[in-house]
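**Q** I'd like to ask some things about the structure below.
The values are calculated or read from the model by the stated rules, or taken from the named source; none is laboratory data. For clarity, every value in this text was computed on a predicted model and none was experimentally measured. Glycine also receives a Cβ, built like all others from the backbone with ideal geometry; neighbour counts cover every protein chain displayed.
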C-alpha cells in the first residue's frame, strides 16, 4: 500500500487498539464507507434507470436489457452462479476475521468440486459426494492452518500454494482416474420446486432452485448469527483484531484461528461441491471450472465489509452481471462473447478501485505467539 | 495491517536469513516436495489400473506408476541423457534451456515487484499482452525490412515492444495500488483473466490469421525470429535469447544493488515508512516497480512469440505462474532466479519426457510447483527440524524469527 502519512499503518493501529471492536465497524479511511454506499446506490440507480428506460422504449437495446433483468431465469441463474462464490466468501470472512487471510479459497473450491464428483461417481450418492467434497476442502484448509499457525508460513504465499496445489492436484487425479482432465457426468442435485410460489413472476425463482441455494440462505443467516450473537463470534473477531486481549481473557488464540480456518474450509467445500454437482461434472482444463470464483469471493467479502449479508449481496451483484452476460451471449446481441465474459472481472477491479482500501482486521496476516511456551 | 506490511515482514525474514540458510531451505523444500511427489505417484499408481507385468513392486505391493522412473526421466531426460552417451545439445537439453530462458524473465518480473514489497501475480497477463503486441507489431514492421538487416532490427524491436506493452499493462495495478489503494494481489489476478479474454477476442477477430483454423496471428517471417546459434532449430531454442536472459539477470542485479532507484525499491520493500521519511516517493516507486516488473513479463511474451511459436496463439503456457515459484524459490534474488529458472526449466521440459516414458499425468509438475511454494513459505518448519537435529536442547533465538516474536511483532 502507498502508506501516505494520512493513512499510515499507525492510524489503523490506533483504531484497532480500541478496546471494543464493535464500536468501530468501519474504522477504515473515511472515504471507504461512503464509496461503498456510492457504488451500491449507483448499482441500484443504474438498474432503475435501465428498467425505466426499458419500459419507456421496449423496442430498443434498453428494452431488451430490461427484459433480461426482470426475467425469472436471470434471477435463477444469478442465484445458481452466486452459490460457490458466496459460500467461499462466507468462508473467507471466518478465516480473515480470525486473523488469517485465506487467499487459497480458489484452491478449496477446486479440490471440493473435483472430490464431490469423484465420491458421487464411486458411491452413487450425490449427497455423499457433496460431503466428500466438504471433507476434502476441510482437509486442505487444515493443512493451510497447520502451515500458517504452527510453522508461521506467510499467509499470502501459503494461500497461493494451496491454490496451486489444488490447481495441479484435481486435474492430476482426474487424469489418473478418468484419463482426462474432465470427469464423466454423474447425477446432479436437481432442484426443489415449491408449488404455487414458484409461479410468481421473477421472485418465483426463489422457490424453484437447487437445494444448495437454500443451504446458502441458511449459511448466510447462520454466519450472521454467529458473528453478531454468539461468544464464539466475538472470539473470532477478537482473534483478528486484538489477539493479545483474547489471550489475556484466557481464550487460546491458535485454537480460535484453527476453527476459523476449518470453518472456511467447510463453507468453501460446500460451495465447490455445489458448483460441480449442479452440473454433474468437473472440468479441469486451464483454470478449471472454478475459474477465478475464489478470488471474486475475496472481493465480494471485502466489498461486503466482512458482513455475511453484505458479502452475499455483493456476490449477487457479480453473479447477476454474470447471469445477464450469459443471457446476452445467447441472444447474440451487442458485444462479442469473449469481451462480455470479462465484464465481471472488470467490475471487480472497478469496485476495488472505488472502495479502495478496506480495513482488514488489525492482526490479519500476523502470526500470533502466546507468551507462554 | 496492509499487504505492504506483510510483504515487508516476509522480506525482513528472508533478509534475516543468511544466504546459506536460504539456499539450504530452498534445497530442503525442493527435496521434500520431490519426496511427497513420489508418494503421490505411488498413491496414484494404486488408483489406476494396469496389467500385472507393467506394475512395479515396492514393499511387496504392486504400483502402476514407478516414482523412481518418473524422477529419473524428469531430470535425466530433461538434461538430454547425460549418462547414456551420445549427448548432444540438439535434443531435450535445448528444450530445457528454452524453458529456462522464458522462466528467467517471468521470475525476474515477480522478483523485482517482490523486492518492492508488491506481490505481482499478474506476470502471466503481462506476458500475454506483451506477446500479442510483439506478434502484431513485428509482423507489420517485417514488411519494411528483410534479411540479416531485418533480424538485427526486428528482434530488438520485438523485445522492446513486448517490454513496453507488458510494462503498460503492469502499470495498471501499479496506479490502482498507488492511487486507489486497491490490493494488487486481486487486481493482478483479475487482470490476468481480462488479458486472456481480450487477447482471445483480438486473436480470433481483428488479428486472426485467415489461413489458420487456430486462434492465432499470421506467423512471423523466419528473419523476424530468434536465430538458432550452435543449437539445432528443431527445438525452438536460441542462445541469443538465453544471452538476453543472462544480461537481464545481471542488469536487474546491478539496478537493485548499485543504483539509487534500486535502493528506493529495496527500502520501499523493507521499510516503506523509513523510505518515505528518507524522501522516496512511495507512489512513484510502486508504479515504477510494477511497470518494470510488467516489462519483464512482456519480454517473456515477446521471447515466446519470436523464439518458440513464431506467432501468437491464444492459451499461452503458464510461465507467469511458474515465475512466482521461481522467484519465491530464489528468495527474490536476481542471481538466484537464474538457478531456480534452470531447475524449473528442467521440471517443465522433463514433463514431456515423463509423458512419453510413463503414463503418469503431466499435471504432476503443477502439484510439485504448489508443494515447493508451500515449503519455501515455511522456513520455520525447517528451522524447527534443524534445531531438533542439530541441538535438541537449545532455545530458539529471537533474531531468527523464533517464538520471541510476539503478537506485538516488531
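**Q** Out of B:308, B:367, B:354, report the one residue that is more than 13 Å from chain A (Cβ to nearest Cβ), part of a helix (DSSP H, G or I) and touching a residue at least 24 places away in the same chain (Cβ under 8 Å).
**A** B:308
**Q** Can you tell me how many residues in the range A:149-170 are in contact (Cβ under 8 Å) with a residue 40 or more places away in the chain and within 21 Å of the chain's Cα centre (by Cα)?
**A** 13
**Q** Just the residues that are touching a residue at least 12 places away in the same chain (Cβ under 8 Å), more than 13 Å from chain A (Cβ to nearest Cβ) and more than 34 Å from the chain's Cα centre (by Cα), please, taken from the range B:23-60.
**A** Once the filter is applied, which keeps residues that are touching a residue at least 12 places away in the same chain (Cβ under 8 Å), more than 13 Å from chain A (Cβ to nearest Cβ) and more than 34 Å from the chain's Cα centre (by Cα), the range B:23-60 yields B:56, B:58.
**Q** Select from the range A:284-316 the residues that are surrounded by fewer than 21 Cβ atoms within 10 Å (Cβ to Cβ) and over 20 Å from residue A:263 (Cβ atoms) and list them in ascending order.
**A** Within the range A:284-316, A:285, A:286, A:287, A:291, A:292, A:313, A:316 qualify.
**Q** With A:94, A:151, A:87 as the choices, which residue is within 19 Å of residue A:258 (Cβ to Cβ) and surrounded by 21 or more Cβ atoms within 10 Å (Cβ to Cβ)?
**A** Going through A:94, A:151, A:87 in turn, just one is within 19 Å of residue A:258 (Cβ to Cβ) and surrounded by 21 or more Cβ atoms within 10 Å (Cβ to Cβ): A:94.
**Q** Could you list, in sequence order, all residues of the range B:242-263 that are touching a helix residue (DSSP H, G or I) at 6+ places or on another chain (Cβ under 7 Å) and more than 26 Å from residue B:341 (Cβ to Cβ)?
**A** Result: no residue meets the conditions.
**Q** Now for a different question. Checking the condition under 21 Å from the mean Cα position of the chain (by Cα) and touching a residue at least 24 places away in the same chain (Cβ under 8 Å), which residue from B:174, B:251 passes?
**A** Being under 21 Å from the mean Cα position of the chain (by Cα) and touching a residue at least 24 places away in the same chain (Cβ under 8 Å) holds for just one of B:174, B:251, which is B:174.
**Q** Here's another thing I want to ask about it. Does residue B:115 count as surrounded by fewer than 24 Cβ atoms within 10 Å (Cβ to Cβ) and over 30 Å from residue B:43 (Cβ atoms)?
**A** Spelling it out, it is not the case that residue B:115 is surrounded by fewer than 24 Cβ atoms within 10 Å (Cβ to Cβ) and over 30 Å from residue B:43 (Cβ atoms).
**Q** Hey, another quick one. Give the residue, chosen from A:92, A:63, that is in a helix (DSSP H, G or I) and modelled with pLDDT of 95 or more.
**A** A:92
**Q** Something else about it: Note down all Cβ pairs under 9 Å where the first residue falls in the range B:276-295 and is surrounded by fewer than 24 Cβ atoms within 10 Å (Cβ to Cβ), the second is modelled with pLDDT of 90 or more and not in a helix (DSSP H, G or I), and they're at least six residues apart or on different chains.
**A** Going by the 9 Å Cβ cut-off, the qualifying pairs are B:288/B:116.
**Q** Of the residues A:214, A:193, A:118, which is in contact with a strand residue (DSSP E or B) (Cβ under 6 Å, 6 or more places away or on another chain) and in contact (Cβ under 8 Å) with a residue 12 or more places away in the chain? Spell out the reasoning first.
**A** Working: A:214 fails: in contact with a strand residue (DSSP E or B) (Cβ under 6 Å, 6 or more places away or on another chain); A:118 fails: in contact with a strand residue (DSSP E or B) (Cβ under 6 Å, 6 or more places away or on another chain).
It is A:193.
**Q** Also, quick follow-up: What residue, of B:168, B:154, B:132, B:137, is in a helix (DSSP H, G or I), touching a residue at least 60 places away in the same chain (Cβ under 8 Å), under 13 Å from residue B:306 (Cβ atoms) and more than 14 Å from chain A (Cβ to nearest Cβ)?
**A** B:154
**Q** Are there helices (runs of 4 or more DSSP H) fully within the range A:243-346 with at least 3 residues that are away from chain B (no Cβ under 14 Å)? List them.
**A** Result: A:253-279, A:308-331.
**Q** Every residue in the range A:155-169 that is over 15 Å from residue B:320 (Cβ atoms) and within 7 Å of chain B (Cβ to nearest Cβ), please.
**A** Result: A:156, A:157, A:158, A:161, A:165, A:168, A:169.
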